[in-house]
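Engineer: Have a look at this one before I ask anything.
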Amino acid sequence: MNITVIGTGYVGLVTGACFSKMGNKVYCVDIVEEKIEGLKNNILPIFEPNLDTLVETSQERGDLIFTTDIKEALDDTNIIFIAVGTPMAEDGSANLDYIFSAASDIANNITKDSLVVIKSTVPVGTGFKVKDHINKILEENNSDVKISMASNPEFLKEGHAIEDCLHPDRVVIGAEEDEVFETLKDLYSTFVLNHDRFVLMDIKSSEMTKYVANSMLATKISFMNEIANICEVTGADVQKVRLGIGSDRRIGYDFIYAGCGYGGSCFPKDVQALINTAQTNGYEPKLLNNVELVNKEQKMVLVNKIVERFGEDLSGMTFAVWGLAFKPGTDDVREATSIVVISELAKRGAKINAYDPQATFEFMKATDDEYLKAVKFAKRRYEAIEGADALILITEWKEFRNPDYDFLYENLTQKAIFDGRNIYDKKIKNLGFELYQIGC
């Protein structure tokens with residue numbers, strides 16, 4: 001099949017590359033010329049394991065084409081995926097400016113009957129609004145082109161996106177017409193050869209499914225973090241509690257790890273958007289409001305532990321920070337706990353030696369210049385330790401899991417480790433370290 005994907009951000013680029021891997025001809029369209037020129041030369045705007053190789057090989061075969069010319073793309077395709085960003089607006093709602101801009105571009109350049117599929121995460125009812133928007137422009141342009149509409153939300157985990165896209169655990173399709181279901185099932189058939197993983201529904205339910213999925217996962221994280229806080233004040237160990245409840249198949253082990261808060265481009269934005277949707281329709285979502293509140297407070301847990309140990313005035317102290325990305329396997333720092341922790345320590349006069357294997361540049365772009373002055377970025381993990389009083393673990397990259405404890409002991413002047421992801425064994429206390437963890 002010939003496909004157009006509008007938007008070359010995280011979702012659009014991964015989706016386009018994976019469709020092209022399966023032999024489809026894919027046009028990836030973006031309005032940012034610099035980004036498109038970079039992609040033509042295999043310079044990616046994001047880090048995702050194996051994505052660079054996939055993009056390069058697909059371009060070499062001629063199956064993946066990057067362009068700013070949407071007319072060129074639409075002339076050669078009749079399945080159009082909208083995969084642009086829907087960032088959080090000031091009121092917590094999803095900003096749909098990019099969605100409707102893409103819809104306008106489609107309407108003004110389309111020349112044949114086509115299927116428009118919204119891949120972006122959008123509030124319930126957006127698909128019908130987009131369809132009306134496109135039809136209005138087509139009518140104004142005296143065009144007899146007909147469009148069909150579908151919703152096909154993505155469920156990609158950063159750091160595992162290629163695997164998730166090529167081997168999905170489900171493909172959710174929302175549509176109004178049987179032909180649309182069949183078209184998209186044909187397109188995805190190569191991804192699900194050994195098992196029928198299609199979940200078919202109406203468009204509004206499909207749009208809601210994406211928000212509910214992310215909100216459910218965020219709820220599990222916040223719930224476990226609240227349990228961790230209760231464990232701390234009662235003397236229980238959240239790590240043992242996790243094993244006790246995770247063995248129940250109704251609960252499972254996924255997303256019940258206590259830590260220092262979730263971040264990223266999806267959970268914070270989507271929880272807020274679902275809250276806004278509920279409130280707009282006259283319902284106050286008490287549980288979701290508190291999911292956000294718990295997470296916001298959780299990002300301060302490490303700061304509170306540090307202040308409790310060293311005092312409010314941290315002038316003259318230097319902290320090594322391992323991990324800036326919101327999770328391992330990505331360079332994404334959106335809503336990352338590292339931004340909160342580092343800015344709060346800098347406010348109190350501390351200096352920071354920070355290291356992350358992928359996210360340093362993105363962190364520098366996302367952080368207030370006032371706080372960046374307090375940060376020195378290391379090129380290697382042990383370089384960050386040199387001259388530091390204590391170590392703060394924020395992102396659980398694999399290279400941090402089994403450090404050289406002799407080196408840490410020799411170079412950390414206070415021998416203190418603040419483990420925000422509970423990855424270190426309590427036995428290291430026997431080596432002379434102070435170990436501060438979450439809920440245990």
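The values are calculated or read from the model by the stated rules, or taken from the named source; none is laboratory data. The shown structure was predicted, so the numbers you read here are calculated from the model rather than taken from an experiment. Please note: Cβ atoms are built from the backbone with ideal geometry, for glycine as well, and neighbour counts cover all protein chains shown.
Engineer: Among the numbered criteria (1) in contact with a Leu (Cβ under 6 Å, 6 or more places away or on another chain); (2) farther than 30 Å from Gly92 by Cβ; (3) of a type in the set (Ser, Thr, Tyr); (4) surrounded by 21 or more Cβ atoms within 10 Å (Cβ to Cβ), which one does Tyr405 miss?
Structural biologist: With respect to (1) in contact with a Leu (Cβ under 6 Å, 6 or more places away or on another chain); (2) farther than 30 Å from Gly92 by Cβ; (3) of a type in the set (Ser, Thr, Tyr); (4) surrounded by 21 or more Cβ atoms within 10 Å (Cβ to Cβ), Tyr405 is out only on (4).
Engineer: Enumerate the helices (runs of 4 or more DSSP H) found wholly within region 22-120, keeping only those where 2 or more residues are under 21 Å from Leu187 (Cα atoms), over 25 Å from the mean Cα position of the chain (by Cα) and outside the structural domain of Pro357 (by TED's automatic domain parsing). Reasoning before the result, please.
Structural biologist: Details: elements: 33-40, 51-61, 70-75, 97-109.
Because the criterion is at least 2 residues that are under 21 Å from Leu187 (Cα atoms), over 25 Å from the mean Cα position of the chain (by Cα) and outside the structural domain of Pro357 (by TED's automatic domain parsing), the helices (runs of 4 or more DSSP H) in region 22-120 that meet it are 51-61, 70-75.
Engineer: So is Glu308 modelled with pLDDT of 95 or more and surrounded by fewer than 18 Cβ atoms within 10 Å (Cβ to Cβ) or not?
Structural biologist: Working: modelled with pLDDT of 95 or more: yes; surrounded by fewer than 18 Cβ atoms within 10 Å (Cβ to Cβ): yes.
It is true that Glu308 is modelled with pLDDT of 95 or more and surrounded by fewer than 18 Cβ atoms within 10 Å (Cβ to Cβ).
Engineer: Where residues in region 70-85 are of a type outside the set (A, V, I, L, M) and touching a residue at least 60 places away in the same chain (Cβ under 8 Å), which of them is surrounded by the most Cβ atoms within 10 Å (Cβ to Cβ)? Working first, answer last.
Structural biologist: Step one: filter region 70-85 for residues of a type outside the set (A, V, I, L, M), giving 71-72, 75-78, 81, 85.
Then keep just the ones that are touching a residue at least 60 places away in the same chain (Cβ under 8 Å); that gives 76-78, 81, 85.
Details: Asp76: 13, Thr77: 22, Asn78: 20, Phe81: 30, Gly85: 18.
Among residues in region 70-85 that are of a type outside the set (A, V, I, L, M) and touching a residue at least 60 places away in the same chain (Cβ under 8 Å), the one surrounded by the most Cβ atoms within 10 Å (Cβ to Cβ) is Phe81.
Engineer: Taking region 159-184 as the search range and keeping residues that are in a helix (DSSP H, G or I) and in contact (Cβ under 8 Å) with a residue 40 or more places away in the chain, which one is surrounded by the fewest Cβ atoms within 10 Å (Cβ to Cβ)?
Structural biologist: Going residue by residue through region 159-184, those that are in a helix (DSSP H, G or I) are 161-166, 178-184.
Pick out the ones that are also in contact (Cβ under 8 Å) with a residue 40 or more places away in the chain and you get 161-162, 165-166, 180, 183-184.
On the way: Ala161: 26, Ile162: 19, Cys165: 20, Leu166: 15, Val180: 19, Thr183: 20, Leu184: 21.
Restricting to residues being in a helix (DSSP H, G or I) and in contact (Cβ under 8 Å) with a residue 40 or more places away in the chain, the top hit is Leu166.
Engineer: Among the residues of region 185-197, are any in the same structural domain as Gly85 (by TED's automatic domain parsing), modelled with pLDDT of 95 or more and farther than 22 Å from Thr77 by Cβ?
Structural biologist: No, that holds for no residue.
Engineer: Right, another one. One residue is enough: does region 126-142 have a residue meeting the conditions assigned to a helix (DSSP H, G or I), under 27 Å from Gly174 (Cα atoms), among the aromatic types (Phe, Trp, Tyr) and in the same structural domain as Gly23 (by TED's automatic domain parsing)?
Structural biologist: Step one: of region 126-142, the residues assigned to a helix (DSSP H, G or I) are 126-140.
Now restrict to residues that are under 27 Å from Gly174 (Cα atoms): 126-139.
This time we only want the ones that are among the aromatic types (Phe, Trp, Tyr), so: 128.
Of the ones still in play, those that are also in the same structural domain as Gly23 (by TED's automatic domain parsing) are 128.
The answer is yes; a qualifying residue exists.
Engineer: Another one. I'd like the full set of residues that are of a type in the set (Asp, Glu) and farther than 16 Å from Thr209 by Cβ, limited to region 143-157.
Structural biologist: Residues of region 143-157 of a type in the set (Asp, Glu): 144, 154.
Residue satisfying the conditions is Asp144 alone.
Engineer: A further question on this structure: From the residues in region 418-428 that are surrounded by fewer than 17 Cβ atoms within 10 Å (Cβ to Cβ) and part of a helix (DSSP H, G or I), which one is nearest to the chain's Cα centre (by Cα)?
Structural biologist: By that ranking, first place goes to Lys426.
Engineer: Moving on to the next point. Could you check, for region 87-108, whether at least one of its residues is farther than 29 Å from Gln272 by Cα, at pLDDT 95 or above and in contact with an Asp or Glu (Cβ under 6 Å, 6 or more places away or on another chain)?
Structural biologist: Within region 87-108, none of the residues are farther than 29 Å from Gln272 by Cα, at pLDDT 95 or above and in contact with an Asp or Glu (Cβ under 6 Å, 6 or more places away or on another chain).
Engineer: Among the residues of region 95-107, is any in contact with a Ser or Thr (Cβ under 8 Å, 6 or more places away or on another chain), surrounded by fewer than 16 Cβ atoms within 10 Å (Cβ to Cβ) and either over 23 Å from Lys365 (Cβ atoms) or not small (Gly, Ala, Ser) (or both)?
Structural biologist: Checking region 95-107: at least one residue is in contact with a Ser or Thr (Cβ under 8 Å, 6 or more places away or on another chain), surrounded by fewer than 16 Cβ atoms within 10 Å (Cβ to Cβ) and either over 23 Å from Lys365 (Cβ atoms) or not small (Gly, Ala, Ser) (or both).
Engineer: Here's a follow-up. So for region 11-21 (the condition being touching a residue at least 40 places away in the same chain (Cβ under 8 Å), more than 22 Å from Leu96 (Cα to Cα) and small (Gly, Ala, Ser)), does at least one residue qualify?
Structural biologist: Taking region 11-21 and keeping what is touching a residue at least 40 places away in the same chain (Cβ under 8 Å), we get 11-21.
If we keep only those that are more than 22 Å from Leu96 (Cα to Cα) too, we end up with 17-21.
From what's left, small (Gly, Ala, Ser): 17, 20.
Yes, the conditions are met somewhere in region 11-21.
Engineer: Continuing with this model, one more query. Sort out for me the helices (runs of 4 or more DSSP H) sitting completely within region 185-302 that have 2 or more residues that are surrounded by 16 or more Cβ atoms within 10 Å (Cβ to Cβ), hydroxyl-bearing (Ser, Thr, Tyr) and touching a strand residue (DSSP E or B) at 6+ places or on another chain (Cβ under 8 Å).
Structural biologist: Working: elements: 203-234, 238-246, 267-280, 286-298.
Counting at least 2 such residues, we get 203-234.
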